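The values are calculated or read from the model by the stated rules, or taken from the named source; none is laboratory data. These figures come from a predicted structure and were not determined experimentally. Here the Cβ positions follow ideal geometry from the backbone for every residue, glycine too, while neighbour counts run over all protein chains shown. Only protein heavy atoms, including side chains, enter the accessible area calculation; ligands, DNA and RNA are left aside. Shrake-Rupley method; radii C 1.70, N 1.55, O 1.52, S 1.80 Å.
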Amino acid sequence: MNAIELIITKKAINYKAKLNVKDLMIRNVDSFKKGYCTPLKLSDLSGTVYETTHYIKKGSVLCTKDIKEFKKKAVVFKFGALEIETDGEIIYQNDKYIRIKKRDGKVEKIYKDGRVE
């Protein structure tokens, strides 16, 4: 009767990973320690894409501080008639190449002639 619905992770979720509903489950519990966090409700997840703010272990309770709204960061390169779109943000650019920082923290160097390092 007085059960509290908590959203629990089925598997470990990496840092800055998109939150997938298939990786979550609902568990009803009798009590929950209120000072720990504000538990996320299923209605909070509907209609918006979220990403995690830190690594979340398997079996953890999903809290409001654990996720934030996903904002797509993409870079579009124009090589004449060819356009290439890649995830990340530009950290350096000159006449010969562009450096992009990917979501996973790797830095990629793309030359204006299309080569990738």
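Here are a few things to note about the model shown:
- In segment 21-34, residue modelled with the lowest pLDDT [restricted to those that are open to solvent by 80 Å² or more (accessible area, probe 1.4 Å) and not acidic (Asp, Glu)]: Lys34
- Filter result for the condition that a residue is under 19 Å from the mean Cα position of the chain (by Cα), more than 30 Å from Lys101 (Cβ to Cβ) and open to solvent by less than 30 Å² (accessible area, probe 1.4 Å), over Ile7, Ile13: Ile7
- Filtering segment 38-62 to residues that are closer than 13 Å to Leu24 by Cβ, within 12 Å of the chain's Cα centre (by Cα) and exposed (fewer than 13 other Cβ atoms within 10 Å of the Cβ) leaves nothing.
- Selected residue (criterion: nearest to Lys73 (Cα to Cα)) from residues of segment 12-26 that are touching a strand residue (DSSP E or B) at 6+ places or on another chain (Cβ under 8 Å) and outside any loop (DSSP other than H, G, I, E, B): Lys18
- Scanning segment 70-82 for residues that are of a type outside the set (A, V, I, L, M) and in contact with a strand residue (DSSP E or B) (Cβ under 6 Å, 6 or more places away or on another chain) turns up Phe70, Lys73, Phe77.
- Some residue of segment 37-50 being within 30 Å of Ile110 (Cβ to Cβ) and either in a strand (DSSP E or B) or modelled with pLDDT under 85 (or both): yes
- Among the residues of segment 63-115, the ones that are charged (D, E, K, R), modelled with pLDDT under 85 and open to solvent by less than 70 Å² (accessible area, probe 1.4 Å) come to 1 in all.
- In segment 1-28, the residues that are farther than 12 Å from Leu42 by Cα and without any contact (Cβ under 8 Å) to a residue 60 or more places away in the chain reach residues that are among the β-branched types (Val, Ile, Thr) and outside any strand (DSSP E or B) with C-beta atoms within less than 8 angstrom, at least six apart or across chains, in these pairs: Tyr15/Thr53; Lys18/Val49; Leu19/Val49.
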